[in-house]
Amino acid sequence: MHLTITRPDDWHLHLRDGAAMADVVGATAAVFARAIVMPNLQPPVTSVGQAIGYRKRILAALPPESAFEPLMTLYLTDLTPLDEVRRARDAGVVGFKLYPAGATTNSDAGVTDFDRVAPTIEAMERCGLVLLVHGEVTDPTVDIFDREKVFIDRVLDPLLARHQGLRVVFEHVTTRDAVDFVRASPPRIGATITPQHLLLNRNDLLVGGIRPHNYCLPVLKREGHRQALVTAATGGDPRFFLGTDSAPHGRSTKETSCGCAGCFSAHAALAFYAEVFEAAGELERLEAFASFHGADFYGLARNQDQVTLVKDPQVVPSSYGFGDDEVVPLRAGEEIKWRVERVD
Ligand code: NCD
Ligand code: ZN
């Protein structure tokens, strides 16, 4: 069985840097035409100059024939200069990433004071830049499973009310609450959905032993939330689109007493989504979710070339090279049903 669709883009991707980046970027570039690259390096990508340098390093790590286009973002901090917004727009940066300080991997430099960044966000609104939001509160008294829902009420809703023209992507939504919120929002609000949140629930993290390679943020939720995400992704609503949040970490930093958050899914990203859409009986809607909705939201042209998937079960390797470490991919050692046969 074959499925040919317009070539997709990944609207939320972590590539890291250096030798580790060079080891993972090819998996994305082989399938996706473009990807929005997250700025949470150490130190974070906070200036246009840093983003340009990072983009050059990504391009240099690609095979010479690759036409993969990394779309760059800047990391919003309390101290982002107002002028950086205009410079970002002029340099082709697509948006700013908002991490509440401390919410996730390398987010210590994130926003602590929303009043302080309001003028910067207003400038983004005027320049037409998108705000990409990691939607979890960091309040230590809020249970980790409730942090996304509480973020909607405490931060996102007031932010959207304050900035009526701002385009926002609610990244990696994980709950029915987030799905309902996006559905009830105007079209200037979009949302990405990851393969792991469509395929797994919190039992896959915690039952029968703790599985560090299924640990990501926002953390996997209960089954009812997973089902709401599947309905959102496969339902044809243009506000929901593909963003893998593929976030590789070396094995040694995952299999340890305090392991990092992030799942590496780039090795089989499109295959994972195909599996979800097939199980929902909505394979014909995969193309719009993977290849149209995100491009339309960001105001970019849809891709012209095509990818062909074939149903041909394969066993996922137990690890891939990752700089001087290795990365354990999503579903390592188990079967995936689909694979990309060709791009043309
Ligand atoms: C991401 C990472 O490792 O950079 N981790 C994750 O669990 N998703 C950061 C993020 O997107 O939250
Ligand atoms: Zn991410």
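The values are calculated or read from the model by the stated rules, or taken from the named source; none is laboratory data. Note that the structure is predicted; figures quoted are calculated from it, not measured. Backbone-built Cβ (ideal geometry, glycine too); neighbour counts: all protein chains shown. The area values use the complete protein model at the heavy-atom level, side chains included, leaving out ligands, DNA and RNA. Shrake-Rupley method; radii C 1.70, N 1.55, O 1.52, S 1.80 Å.
Hey, what's the per residue convex hull volume over the C-alpha atoms of the range 150-266, in cubic angstrom?
Working: hull volume 13.2 nm³, N = 117.
Considering the Cα atoms of the range 150-266, their hull volume per residue is 113 Å³.
log₁₀ I(q)/I(0) of the range 190-344 at q = 0.12 Å⁻¹, via Debye over equal Cα point scatterers, no solvent, to two decimals?
-0.53
Cα convex hull of the chain: mean projected area in nm², to one decimal? Walk me through the intermediate numbers first.
Working: hull surface 63.5 nm².
The Cα convex hull of the chain, projected and averaged over all directions, gives 15.9 nm².
Hey, any idea what % of the chain's accessible area is carbon plus sulfur with a 1.4 Å probe? Before the final figure, lay out the partial values.
Details: 6740 of 13530 Å².
Ligands and nucleic acids excluded, carbon and sulfur give 50 percent.
Which lysines have a Cα less than 30 Å from the Cα of LYS149, not counting those fewer than 8 places away in the same chain?
Cα-Cα hits under 30 Å: LYS97, LYS221, LYS254.
Roughly what would the spin-label model give for SER319 and ILE52, points 7 Å off Cα along C-beta, in nm?
Going from the SER319 label point to the ILE52 one covers 3.9 nm.
For an R0 of 35 angstrom, estimate the FRET efficiency from the Cβ-Cβ distance between ASP90 and ASP157 and round to the nearest 0.05.
On the way: r = 31 Å, r/R0 = 0.90.
Calculated value: 0.65.
For n ≥ 4 DSSP H runs only, could you compute -39500 (n - 2.57) per run for the chain, divide by its residues and tell me the 222 nm figure to the nearest 500? Could you put the intermediate results ahead of the total?
Details: 13 runs with 110 residues, N = 344.
After summing the helix terms and dividing by the residues of the chain, the value is -9000 deg cm²/dmol.
Looking only at the chain, where both bridge partners belong to it, what percent of the DSSP beta bridges are antiparallel (to the nearest 5)?
On the way: 15 of 41 bridges.
Within the chain, antiparallel bridges account for around 35 percent of the total.
What order, most packed first, do the peptides 291-301, 167-177 have when packing is the mean number of other Cβ atoms within 10 Å of each residue?
Working: 291-301: 18.1, 167-177: 24.4.
Descending mean neighbour count gives 167-177, 291-301.
With the other protein chains left in place, how much accessible area per residue, in square angstrom, belongs to the chain at a 1.4 angstrom probe? Spell out each step's value before the answer.
Values: 13530 Å² over 344 residues.
Roughly 39 Å² per residue, with all protein chains present.
Under 12 Å between alpha carbons, and skipping anything fewer than 8 positions from LYS337 in its own chain: which aspartates and glutamates qualify?
Within the straight-line cut-off, LYS337 pairs with GLU275, GLU278, ASP312.
Please report the projected area of the range 1-87's Cα convex hull averaged over all directions, in nm². Don't skip to the end; give the middle numbers.
Numbers: hull surface 28.3 nm².
That works out to 7.1 nm², a quarter of the Cα hull's surface.
Stokes-Einstein at 37 °C, 0.692 mPa s, Kirkwood radius from Cα pairs: D for the range 195-260 in µm² s⁻¹? List each step's numbers first, then the result.
Working: Rh = 13.1 Å.
Taking Rh from Cα pairs, D becomes 251 µm²/s.
What residue among LEU15, VAL85, PRO63 has its Cα farthest toward the positive end of the dipole of the chain, where the charges are +1 on Lys, Arg and -1 on Asp, Glu, each on the Cβ?
Highest projection toward the positive end goes to VAL85.
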